[in-house]
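The values are calculated or read from the model by the stated rules, or taken from the named source; none is laboratory data. Since the model is a prediction, treat every value here as computed from it, not as a measurement. All Cβ positions, even for glycine, are placed from backbone atoms using ideal geometry, and neighbour counts span all protein chains on display. Accessible surface areas use protein heavy atoms only, side chains included; no ligands, DNA or RNA. Shrake-Rupley method; radii C 1.70, N 1.55, O 1.52, S 1.80 Å.
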Amino acid sequence: MAKDLKTMFIRCCGYLQDPHHVASFQKLCGVQGSFPVKLSRKEWENDFFVNGACVKRHQDQSGNGEGHVGGQQIGPLQRSVTAGEQHNDCSNKLQHGTALLSGIGETTEQETVSLEGNRQSSGCRLTGKPSKAVESDRENGDSSGRVKPLRRNSLTGDVGQEFIIQNKFLFYLFTFGSELGNEMFFIVFFPFLIWNVDAFVSRRILVVWIWNLFLGQSTKDIVRWTRPASPPVVKVEVFYNSEYSMPSTHAMSGTAIPFSLFLLTYGRWQYPFLFGLSLAICWSFLVCVSRVYMGMHSVLEVITGFLYSLLILAVFQSTLDQIDSFYLTSHHAPLVIVILHVGFGFLAFTLDSWSTSRGDTAQALGTGAGAALASHLNHQLGLLADPPLSSLPLALPPLSAALLARSLLRLLLGVVVLLATRAAMKAATIPLACRVFGLPAGDVRQARQHMEVELSYRYIVYGTVSFSCVCLVPLLFSYLNLS
(Lines give C-alpha, C1' and ligand atoms only; values in the text may rest on other atoms or scores of the structure.)
Protein backbone atom coordinates (compact mmCIF):
# COMPACT_ATOMS: atom_id res chain seq x y z
CA MET A 1 0.00 0.00 0.00
CA ALA A 2 2.75 2.41 1.01
CA LYS A 3 4.72 1.49 -2.11
CA ASP A 4 1.70 2.13 -4.32
CA LEU A 5 1.15 5.53 -2.71
CA LYS A 6 4.81 6.41 -3.22
CA THR A 7 4.64 5.39 -6.88
CA MET A 8 1.45 7.38 -7.37
CA PHE A 9 3.01 10.43 -5.68
CA ILE A 10 6.11 10.24 -7.89
CA ARG A 11 3.98 9.95 -11.02
CA CYS A 12 1.85 12.89 -9.92
CA CYS A 13 4.97 15.02 -9.33
CA GLY A 14 6.35 14.03 -12.72
CA TYR A 15 3.06 14.97 -14.35
CA LEU A 16 2.96 18.39 -12.66
CA GLN A 17 6.62 19.02 -13.56
CA ASP A 18 6.01 18.44 -17.28
CA PRO A 19 6.90 21.66 -19.17
CA HIS A 20 4.21 20.91 -21.78
CA HIS A 21 1.58 21.90 -19.21
CA VAL A 22 3.27 25.29 -18.89
CA ALA A 23 3.33 25.65 -22.68
CA SER A 24 -0.35 24.66 -22.92
CA PHE A 25 -1.32 27.24 -20.30
CA GLN A 26 0.68 29.91 -22.12
CA LYS A 27 -1.03 29.04 -25.40
CA LEU A 28 -4.42 29.21 -23.68
CA CYS A 29 -3.52 32.70 -22.43
CA GLY A 30 -2.48 33.90 -25.89
CA VAL A 31 1.32 33.56 -25.66
CA GLN A 32 2.87 32.31 -28.88
CA GLY A 33 6.60 31.61 -29.09
CA SER A 34 9.01 31.47 -32.00
CA PHE A 35 11.49 28.60 -32.07
CA PRO A 36 14.05 27.47 -34.70
CA VAL A 37 12.43 24.70 -36.75
CA LYS A 38 14.25 22.80 -39.52
CA LEU A 39 12.24 22.80 -42.72
CA SER A 40 12.21 19.94 -45.18
CA ARG A 41 13.27 20.60 -48.74
CA LYS A 42 9.71 20.06 -49.96
CA GLU A 43 8.61 23.09 -47.94
CA TRP A 44 10.95 25.39 -49.79
CA GLU A 45 9.92 26.55 -53.25
CA ASN A 46 12.43 26.84 -56.07
CA ASP A 47 11.86 30.50 -56.89
CA PHE A 48 13.23 33.22 -54.72
CA PHE A 49 15.68 35.82 -55.91
CA VAL A 50 19.08 36.86 -54.63
CA ASN A 51 20.80 39.78 -56.41
CA GLY A 52 18.13 39.54 -59.05
CA ALA A 53 19.04 35.93 -59.98
CA CYS A 54 16.66 33.08 -59.30
CA VAL A 55 18.08 30.52 -56.84
CA LYS A 56 17.04 27.00 -57.78
CA ARG A 57 16.86 24.45 -54.98
CA HIS A 58 17.09 20.99 -56.44
CA GLN A 59 18.09 17.50 -55.57
CA ASP A 60 21.56 16.47 -56.43
CA GLN A 61 22.57 12.93 -57.22
CA SER A 62 22.89 12.09 -53.54
CA GLY A 63 19.29 13.13 -52.94
CA ASN A 64 20.08 16.18 -50.85
CA GLY A 65 17.89 19.20 -51.44
CA GLU A 66 20.60 21.83 -51.76
CA GLY A 67 20.67 25.29 -53.32
CA HIS A 68 23.26 27.24 -55.24
CA VAL A 69 23.96 30.95 -54.82
CA GLY A 70 26.63 32.44 -57.04
CA GLY A 71 28.27 29.06 -57.56
CA GLN A 72 28.26 28.25 -53.85
CA GLN A 73 26.23 25.41 -52.47
CA ILE A 74 24.01 25.93 -49.44
CA GLY A 75 22.43 23.30 -47.26
CA PRO A 76 18.99 22.68 -45.79
CA LEU A 77 17.40 25.80 -44.39
CA GLN A 78 16.05 26.52 -40.96
CA ARG A 79 14.25 29.53 -39.62
CA SER A 80 12.51 30.77 -36.53
CA VAL A 81 8.78 30.11 -36.68
CA THR A 82 5.93 30.65 -34.33
CA ALA A 83 3.98 27.77 -32.91
CA GLY A 84 1.05 26.82 -35.11
CA GLU A 85 2.29 28.52 -38.29
CA GLN A 86 1.57 26.79 -41.55
CA HIS A 87 4.23 26.82 -44.26
CA ASN A 88 2.10 27.09 -47.38
CA ASP A 89 4.46 28.93 -49.72
CA CYS A 90 7.87 30.53 -49.93
CA SER A 91 6.68 34.01 -48.99
CA ASN A 92 4.91 32.71 -45.93
CA LYS A 93 8.02 30.84 -44.86
CA LEU A 94 10.12 33.98 -45.11
CA GLN A 95 7.67 36.36 -43.44
CA HIS A 96 9.88 36.80 -40.36
CA GLY A 97 12.97 37.42 -42.48
CA THR A 98 15.32 34.98 -40.71
CA ALA A 99 16.93 31.77 -41.95
CA LEU A 100 19.55 29.45 -40.52
CA LEU A 101 22.00 28.03 -43.02
CA SER A 102 23.64 24.76 -42.10
CA GLY A 103 26.81 23.49 -43.74
CA ILE A 104 27.18 20.38 -45.87
CA GLY A 105 29.21 17.25 -45.41
CA GLU A 106 31.79 17.72 -42.65
CA THR A 107 30.47 21.15 -41.69
CA THR A 108 27.83 21.09 -38.95
CA GLU A 109 28.00 24.63 -37.56
CA GLN A 110 24.98 26.83 -38.20
CA GLU A 111 25.19 30.46 -39.13
CA THR A 112 22.26 32.72 -38.44
CA VAL A 113 21.64 34.98 -41.39
CA SER A 114 19.18 37.83 -41.30
CA LEU A 115 17.87 38.07 -44.83
CA GLU A 116 16.76 41.62 -44.38
CA GLY A 117 19.62 42.79 -42.19
CA ASN A 118 22.34 41.42 -44.50
CA ARG A 119 20.86 43.01 -47.60
CA GLN A 120 23.22 45.98 -47.48
CA SER A 121 26.36 44.02 -46.60
CA SER A 122 25.89 41.15 -49.06
CA GLY A 123 23.71 42.78 -51.69
CA CYS A 124 21.08 40.06 -51.25
CA ARG A 125 17.46 40.92 -51.68
CA LEU A 126 14.22 39.01 -51.87
CA THR A 127 11.56 39.76 -54.42
CA GLY A 128 7.97 38.74 -54.67
CA LYS A 129 4.78 39.74 -52.97
CA PRO A 130 4.02 38.69 -49.42
CA SER A 131 1.61 35.84 -49.06
CA LYS A 132 -2.01 36.24 -48.06
CA ALA A 133 -1.16 34.70 -44.69
CA VAL A 134 1.39 37.44 -44.01
CA GLU A 135 -0.99 40.18 -45.09
CA SER A 136 -3.68 38.68 -42.88
CA ASP A 137 -1.28 38.60 -39.91
CA ARG A 138 -0.41 42.24 -40.44
CA GLU A 139 -4.05 43.23 -40.72
CA ASN A 140 -4.83 41.36 -37.49
CA GLY A 141 -2.01 43.15 -35.69
CA ASP A 142 0.15 40.08 -35.00
CA SER A 143 3.33 42.00 -35.78
CA SER A 144 2.45 44.66 -33.22
CA GLY A 145 2.07 41.95 -30.57
CA ARG A 146 5.60 40.65 -31.14
CA VAL A 147 7.68 41.59 -28.10
CA LYS A 148 10.74 40.54 -26.13
CA PRO A 149 11.19 40.10 -22.36
CA LEU A 150 11.24 43.39 -20.47
CA ARG A 151 14.57 42.79 -18.72
CA ARG A 152 17.79 41.04 -19.67
CA ASN A 153 19.00 37.90 -17.95
CA SER A 154 20.60 39.06 -14.71
CA LEU A 155 23.57 36.71 -15.04
CA THR A 156 24.28 36.37 -18.78
CA GLY A 157 22.78 39.58 -20.16
CA ASP A 158 20.71 37.58 -22.67
CA VAL A 159 17.79 39.61 -24.03
CA GLY A 160 15.61 36.56 -24.67
CA GLN A 161 13.62 35.43 -27.69
CA GLU A 162 10.73 37.19 -29.37
CA PHE A 163 7.20 36.00 -28.71
CA ILE A 164 3.72 37.08 -29.74
CA ILE A 165 1.11 38.30 -27.25
CA GLN A 166 -2.45 37.76 -28.45
CA ASN A 167 -4.16 38.70 -25.16
CA LYS A 168 -2.66 41.95 -23.90
CA PHE A 169 -4.92 42.12 -20.85
CA LEU A 170 -3.57 38.83 -19.48
CA PHE A 171 -0.03 39.87 -20.39
CA TYR A 172 -0.26 43.08 -18.35
CA LEU A 173 -2.15 41.34 -15.53
CA PHE A 174 0.42 38.58 -15.09
CA THR A 175 3.32 40.99 -15.57
CA PHE A 176 1.89 42.97 -12.66
CA GLY A 177 1.47 39.76 -10.66
CA SER A 178 5.08 38.79 -11.31
CA GLU A 179 6.29 42.25 -10.25
CA LEU A 180 4.66 41.68 -6.84
CA GLY A 181 7.67 39.47 -6.10
CA ASN A 182 10.39 41.82 -7.42
CA GLU A 183 12.61 44.45 -5.80
CA MET A 184 10.74 47.58 -6.89
CA PHE A 185 7.53 46.32 -5.33
CA PHE A 186 9.24 45.68 -2.00
CA ILE A 187 10.94 49.07 -2.03
CA VAL A 188 7.49 50.66 -2.28
CA PHE A 189 5.31 48.23 -0.29
CA PHE A 190 7.29 48.00 2.95
CA PRO A 191 7.94 51.77 3.24
CA PHE A 192 4.24 52.47 2.60
CA LEU A 193 3.30 50.01 5.32
CA ILE A 194 5.78 51.52 7.78
CA TRP A 195 5.04 55.19 7.08
CA ASN A 196 1.30 55.11 6.46
CA VAL A 197 -0.22 52.00 8.05
CA ASP A 198 1.40 50.19 10.98
CA ALA A 199 5.08 49.83 11.91
CA PHE A 200 4.17 47.00 14.32
CA VAL A 201 2.77 44.90 11.47
CA SER A 202 5.55 45.78 9.04
CA ARG A 203 8.31 44.61 11.42
CA ARG A 204 6.75 41.17 11.69
CA ILE A 205 6.02 40.83 7.98
CA LEU A 206 9.67 41.69 7.25
CA VAL A 207 10.79 38.81 9.49
CA VAL A 208 8.48 36.36 7.69
CA TRP A 209 9.50 37.59 4.23
CA ILE A 210 13.24 37.47 4.96
CA TRP A 211 13.24 33.91 6.27
CA ASN A 212 10.89 32.75 3.52
CA LEU A 213 13.30 34.08 0.92
CA PHE A 214 16.37 32.69 2.65
CA LEU A 215 14.92 29.21 3.08
CA GLY A 216 13.45 29.20 -0.43
CA GLN A 217 16.67 30.28 -2.17
CA SER A 218 18.73 27.86 -0.07
CA THR A 219 16.39 25.02 -1.01
CA LYS A 220 16.82 25.93 -4.68
CA ASP A 221 20.58 25.59 -4.34
CA ILE A 222 20.22 22.20 -2.66
CA VAL A 223 17.65 20.71 -5.06
CA ARG A 224 19.18 22.34 -8.19
CA TRP A 225 16.34 21.87 -10.65
CA THR A 226 16.65 23.88 -13.84
CA ARG A 227 13.94 26.10 -15.31
CA PRO A 228 11.27 24.57 -17.60
CA ALA A 229 12.68 23.61 -20.99
CA SER A 230 12.28 26.02 -23.90
CA PRO A 231 10.89 24.85 -26.25
CA PRO A 232 8.11 24.01 -25.59
CA VAL A 233 7.91 26.74 -22.91
CA VAL A 234 8.01 30.39 -24.05
CA LYS A 235 10.29 32.51 -21.87
CA VAL A 236 8.18 35.62 -21.37
CA GLU A 237 10.67 36.57 -18.64
CA VAL A 238 14.41 35.80 -18.66
CA PHE A 239 15.74 37.89 -15.76
CA TYR A 240 15.86 34.91 -13.38
CA ASN A 241 16.28 32.23 -16.05
CA SER A 242 19.82 31.27 -14.95
CA GLU A 243 18.74 30.47 -11.39
CA TYR A 244 17.46 27.15 -10.13
CA SER A 245 13.70 26.84 -9.95
CA MET A 246 12.55 24.48 -7.20
CA PRO A 247 10.65 25.88 -5.29
CA SER A 248 9.27 29.13 -6.69
CA THR A 249 10.41 31.90 -4.35
CA HIS A 250 8.02 34.31 -6.08
CA ALA A 251 5.19 31.98 -5.06
CA MET A 252 6.63 31.84 -1.55
CA SER A 253 6.85 35.63 -1.19
CA GLY A 254 3.48 36.04 -2.90
CA THR A 255 1.97 33.73 -0.31
CA ALA A 256 3.85 34.78 2.83
CA ILE A 257 3.27 38.53 2.51
CA PRO A 258 -0.52 38.66 1.92
CA PHE A 259 -1.36 35.88 4.38
CA SER A 260 0.89 37.24 7.13
CA LEU A 261 -0.56 40.69 6.46
CA PHE A 262 -4.04 39.24 6.93
CA LEU A 263 -3.14 37.27 10.07
CA LEU A 264 -1.37 40.21 11.69
CA THR A 265 -3.96 42.88 10.91
CA TYR A 266 -7.23 41.02 11.46
CA GLY A 267 -8.31 41.75 15.02
CA ARG A 268 -5.78 44.56 15.30
CA TRP A 269 -7.61 46.61 12.68
CA GLN A 270 -11.33 46.68 12.08
CA TYR A 271 -12.30 45.30 8.67
CA PRO A 272 -14.46 42.42 7.38
CA PHE A 273 -12.91 38.95 7.68
CA LEU A 274 -13.96 37.89 4.17
CA PHE A 275 -12.42 41.03 2.67
CA GLY A 276 -9.01 40.33 4.19
CA LEU A 277 -9.07 36.62 3.36
CA SER A 278 -10.24 37.23 -0.22
CA LEU A 279 -7.50 39.81 -0.76
CA ALA A 280 -4.83 37.41 0.51
CA ILE A 281 -6.10 34.55 -1.68
CA CYS A 282 -6.34 36.68 -4.83
CA TRP A 283 -2.91 38.21 -4.25
CA SER A 284 -1.29 34.81 -3.77
CA PHE A 285 -3.15 33.24 -6.69
CA LEU A 286 -2.12 36.05 -9.06
CA VAL A 287 1.57 35.78 -8.17
CA CYS A 288 1.61 31.98 -8.37
CA VAL A 289 -0.16 31.77 -11.73
CA SER A 290 1.98 34.57 -13.16
CA ARG A 291 5.12 32.47 -12.71
CA VAL A 292 3.66 29.72 -14.89
CA TYR A 293 2.54 32.30 -17.46
CA MET A 294 6.05 33.79 -17.54
CA GLY A 295 7.53 30.35 -18.26
CA MET A 296 9.72 30.53 -15.16
CA HIS A 297 8.22 27.65 -13.18
CA SER A 298 6.36 24.40 -13.62
CA VAL A 299 3.04 23.76 -11.90
CA LEU A 300 4.79 21.53 -9.35
CA GLU A 301 7.34 24.21 -8.43
CA VAL A 302 4.62 26.80 -7.86
CA ILE A 303 2.51 24.45 -5.73
CA THR A 304 5.59 23.49 -3.72
CA GLY A 305 6.46 27.15 -3.14
CA PHE A 306 2.92 27.88 -2.00
CA LEU A 307 2.82 24.97 0.48
CA TYR A 308 6.40 25.57 1.66
CA SER A 309 5.56 29.19 2.44
CA LEU A 310 2.45 28.20 4.42
CA LEU A 311 4.59 25.78 6.44
CA ILE A 312 7.19 28.47 7.23
CA LEU A 313 4.44 30.94 8.08
CA ALA A 314 2.81 28.44 10.47
CA VAL A 315 6.14 27.94 12.27
CA PHE A 316 7.07 31.62 12.50
CA GLN A 317 3.61 32.92 13.33
CA SER A 318 3.80 31.61 16.90
CA THR A 319 7.28 33.07 17.48
CA LEU A 320 6.88 36.55 15.95
CA ASP A 321 6.01 38.21 19.27
CA GLN A 322 9.13 36.79 20.96
CA ILE A 323 11.39 37.72 18.01
CA ASP A 324 10.04 41.28 17.84
CA SER A 325 10.27 41.76 21.60
CA PHE A 326 13.89 40.56 21.62
CA TYR A 327 14.85 42.83 18.72
CA LEU A 328 13.35 45.87 20.44
CA THR A 329 14.32 45.43 24.08
CA SER A 330 17.37 43.19 24.47
CA HIS A 331 20.75 44.87 24.99
CA HIS A 332 22.32 42.00 23.04
CA ALA A 333 19.96 42.45 20.10
CA PRO A 334 22.29 44.50 17.83
CA LEU A 335 25.11 41.94 18.11
CA VAL A 336 22.76 38.99 17.58
CA ILE A 337 21.09 40.70 14.62
CA VAL A 338 24.39 41.33 12.84
CA ILE A 339 25.86 37.87 13.53
CA LEU A 340 22.64 36.06 12.56
CA HIS A 341 22.00 37.89 9.29
CA VAL A 342 25.62 37.99 8.12
CA GLY A 343 26.20 34.36 9.11
CA PHE A 344 23.24 33.12 7.11
CA GLY A 345 24.48 35.21 4.19
CA PHE A 346 27.83 33.39 4.24
CA LEU A 347 25.99 30.08 4.47
CA ALA A 348 23.90 30.91 1.39
CA PHE A 349 27.05 31.67 -0.63
CA THR A 350 28.61 28.30 0.21
CA LEU A 351 25.70 26.28 -1.20
CA ASP A 352 26.48 26.90 -4.87
CA SER A 353 28.36 29.13 -7.30
CA TRP A 354 27.45 32.80 -7.63
CA SER A 355 24.14 33.76 -9.20
CA THR A 356 21.49 36.40 -8.70
CA SER A 357 19.78 34.19 -6.11
CA ARG A 358 22.86 34.55 -3.84
CA GLY A 359 22.60 38.30 -4.22
CA ASP A 360 18.85 38.33 -3.56
CA THR A 361 19.34 36.28 -0.39
CA ALA A 362 22.06 38.62 0.88
CA GLN A 363 19.90 41.61 -0.06
CA ALA A 364 16.95 40.33 1.96
CA LEU A 365 19.19 39.53 4.95
CA GLY A 366 20.84 42.94 4.74
CA THR A 367 17.43 44.60 4.56
CA GLY A 368 16.28 42.64 7.61
CA ALA A 369 19.41 43.53 9.58
CA GLY A 370 19.08 47.25 8.84
CA ALA A 371 15.38 47.33 9.69
CA ALA A 372 15.88 45.39 12.93
CA LEU A 373 18.74 47.66 14.06
CA ALA A 374 16.67 50.76 13.24
CA SER A 375 13.66 49.38 15.13
CA HIS A 376 15.88 48.70 18.16
CA LEU A 377 17.23 52.26 18.04
CA ASN A 378 13.71 53.71 17.68
CA HIS A 379 12.54 51.79 20.73
CA GLN A 380 15.55 52.83 22.83
CA LEU A 381 15.07 56.51 21.91
CA GLY A 382 11.28 56.42 22.29
CA LEU A 383 10.63 57.14 18.60
CA LEU A 384 7.68 55.76 16.60
CA ALA A 385 6.13 54.03 19.59
CA ASP A 386 3.44 51.44 18.90
CA PRO A 387 -0.12 52.40 19.89
CA PRO A 388 -1.10 51.16 23.39
CA LEU A 389 -3.04 47.90 23.69
CA SER A 390 -5.97 49.82 25.13
CA SER A 391 -6.52 51.51 21.75
CA LEU A 392 -7.01 48.20 19.91
CA PRO A 393 -8.67 47.35 17.62
CA LEU A 394 -7.69 50.28 15.47
CA ALA A 395 -10.36 51.84 13.30
CA LEU A 396 -9.66 52.58 9.66
CA PRO A 397 -9.63 56.36 9.17
CA PRO A 398 -12.24 57.73 6.77
CA LEU A 399 -10.86 58.34 3.31
CA SER A 400 -10.45 61.98 2.40
CA ALA A 401 -8.52 64.03 -0.10
CA ALA A 402 -6.29 65.40 2.64
CA LEU A 403 -5.45 61.90 3.96
CA LEU A 404 -4.65 60.57 0.49
CA ALA A 405 -2.54 63.60 -0.37
CA ARG A 406 -0.58 63.36 2.87
CA SER A 407 0.01 59.62 2.45
CA LEU A 408 1.12 59.97 -1.17
CA LEU A 409 3.41 62.88 -0.28
CA ARG A 410 5.07 60.80 2.44
CA LEU A 411 5.44 57.88 0.06
CA LEU A 412 6.86 59.90 -2.84
CA LEU A 413 9.25 61.91 -0.69
CA GLY A 414 10.39 58.86 1.26
CA VAL A 415 10.93 56.65 -1.81
CA VAL A 416 12.95 59.42 -3.48
CA VAL A 417 15.17 59.56 -0.40
CA LEU A 418 15.56 55.77 -0.39
CA LEU A 419 16.39 55.58 -4.11
CA ALA A 420 18.93 58.39 -3.75
CA THR A 421 20.46 56.60 -0.77
CA ARG A 422 20.65 53.35 -2.71
CA ALA A 423 22.28 55.03 -5.73
CA ALA A 424 24.86 56.87 -3.61
CA MET A 425 25.75 53.82 -1.54
CA LYS A 426 25.96 51.59 -4.60
CA ALA A 427 28.32 54.00 -6.37
CA ALA A 428 30.60 54.09 -3.34
CA THR A 429 30.44 50.52 -2.03
CA ILE A 430 31.48 48.39 -5.02
CA PRO A 431 34.72 50.30 -5.85
CA LEU A 432 35.55 50.45 -2.14
CA ALA A 433 35.00 46.70 -1.68
CA CYS A 434 37.11 45.95 -4.76
CA ARG A 435 39.92 48.11 -3.39
CA VAL A 436 39.75 46.54 0.08
CA PHE A 437 39.82 42.97 -1.25
CA GLY A 438 42.33 43.67 -4.03
CA LEU A 439 39.99 42.93 -6.94
CA PRO A 440 39.69 44.78 -10.29
CA ALA A 441 36.77 47.20 -10.33
CA GLY A 442 36.55 47.71 -14.11
CA ASP A 443 33.88 45.06 -14.71
CA VAL A 444 31.17 45.49 -12.07
CA ARG A 445 29.32 42.31 -13.08
CA GLN A 446 32.49 40.24 -12.78
CA ALA A 447 33.52 41.90 -9.52
CA ARG A 448 30.17 41.13 -7.92
CA GLN A 449 30.63 37.42 -8.59
CA HIS A 450 33.17 37.43 -5.76
CA MET A 451 31.52 36.70 -2.43
CA GLU A 452 33.46 39.43 -0.63
CA VAL A 453 32.25 42.15 -2.99
CA GLU A 454 28.67 40.92 -3.35
CA LEU A 455 28.10 40.46 0.39
CA SER A 456 29.64 43.85 1.16
CA TYR A 457 27.56 45.52 -1.53
CA ARG A 458 24.25 43.91 -0.55
CA TYR A 459 24.63 44.31 3.19
CA ILE A 460 25.98 47.85 3.20
CA VAL A 461 23.65 49.25 0.51
CA TYR A 462 20.38 47.60 1.53
CA GLY A 463 21.16 47.67 5.22
CA THR A 464 21.58 51.44 4.92
CA VAL A 465 18.41 51.77 2.83
CA SER A 466 16.27 49.82 5.30
CA PHE A 467 17.80 51.65 8.29
CA SER A 468 16.94 54.95 6.61
CA CYS A 469 13.41 53.70 5.88
CA VAL A 470 12.66 52.72 9.48
CA CYS A 471 14.54 55.42 11.39
CA LEU A 472 15.84 58.38 9.38
CA VAL A 473 12.95 59.01 6.95
CA PRO A 474 10.32 59.11 9.77
CA LEU A 475 12.53 61.71 11.51
CA LEU A 476 12.50 63.71 8.28
CA PHE A 477 8.69 63.49 8.22
CA SER A 478 8.55 64.76 11.80
CA TYR A 479 10.82 67.68 10.87
CA LEU A 480 8.57 68.52 7.87
CA ASN A 481 5.40 68.07 9.95
CA LEU A 482 4.27 65.16 7.80
CA SER A 483 3.97 62.54 10.54
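In the range 368-483, taking the dipole from charged Cβ atoms about the Cα centre, the farthest positive-side position among 438, 459, 371 is held by 438. Tally Lys and Arg at +1 and Asp and Glu at -1 over the other residues with C-beta under 10 Å from the C-beta of residue 174: what net charge comes out? So the surrounding residues net to -1. Relative protection proxy for 392-405, 292-305, from highest mean packing down: 292-305, 392-405 (other beta-carbon atoms within 10 angstrom).
Each residue of the range 330-339 was assigned a 3J(HN,Hα) from its phi angle through the Karplus expression (A = 6.51, B = -1.76, C = 1.60, θ = phi - 60°), giving 6, 6, 8, 4, x, 5, 5, 4, 5, 4 Hz with x at Gly and Pro.
Protection proxy ranking of 181-190, 282-291, by the mean of other Cβ atoms within 10 Å over each peptide's residues and highest first, is 282-291, 181-190.
With charges set only on the Cβ (+1 for Lys and Arg, -1 for Asp and Glu), what does the dipole of the range 150-281 come to about its Cα centre, in debye to the nearest 20?
Details: 10 positive and 8 negative charges, 34 e Å.
So the dipole magnitude of the range 150-281 works out to roughly 160 debye.
The H on the amide N of residue 394, modeled in the peptide plane, is under 5 Å from the matching H of 269, 270, each at least 5 residues off or on a different chain. Distance from the C-alpha centroid of the range 161-184 to that of the range 221-288: 15 Å, rounded to the whole angstrom. Phi angles across the range 449-459 convert, under the Karplus curve 6.51 cos²θ - 1.76 cosθ + 1.60 with θ = phi - 60°, into 3J(HN,Hα) values of 7, 8, 4, 4, 6, 5, 5, 4, 4, 5, 5 Hz, Gly and Pro given as x. Here the Karplus curve 6.51 cos²θ - 1.76 cosθ + 1.60, taken at θ = phi - 60°, turns the phi angles of the range 221-228 into couplings of 6, 7, 6, 6, 8, 7, 5, x Hz, with x standing for Gly and Pro.
Neighbours of residue 363, meaning other residues whose beta-carbon lies under 9 angstrom from its beta-carbon, give a summed charge of -1 when Lys and Arg score +1 and Asp and Glu score -1. Scanning residues 5 or more positions from residue 146 or on other chains, those with amide H under 5 Å from its amide H are 165, with H placed 1.01 Å from N in the peptide plane. The accessible surface of the range 360-457, taken with every protein chain in place and a 1.4 Å probe, is 69 percent carbon and sulfur. As a length-normalised measure over Cα pairs under 8 Å and 6 or more apart, the relative contact order of the range 141-248 settles at 36 percent. Ordering 376, 20, 331 by accessible surface, largest first, gives 331, 20, 376; the 1.4 Å probe counts only protein heavy atoms, with every chain in place. What is the sum of charges around residue 263, taking Lys and Arg as +1, Asp and Glu as -1, for the other residues whose C-beta is under 13 Å from the C-beta of residue 263? Its environment carries a net charge of +1. Working from Cα pairs under 8 Å separated by at least six residues, relative contact order for the range 356-483 is 46 percent.
Put a plus charge on the Cβ of each Lys and Arg, a minus charge on the Cβ of each Asp and Glu, and nothing anywhere else: the dipole of the range 203-245 about its Cα centre is then about 160 debye.
From most to least packed by mean Cβ count within 10 Å, the peptides 191-200, 162-171 give 191-200, 162-171. In a simple Cβ point-charge model (Lys, Arg +1; Asp, Glu -1; nothing else charged), the range 263-414 has a dipole of about 340 debye relative to its Cα centre.
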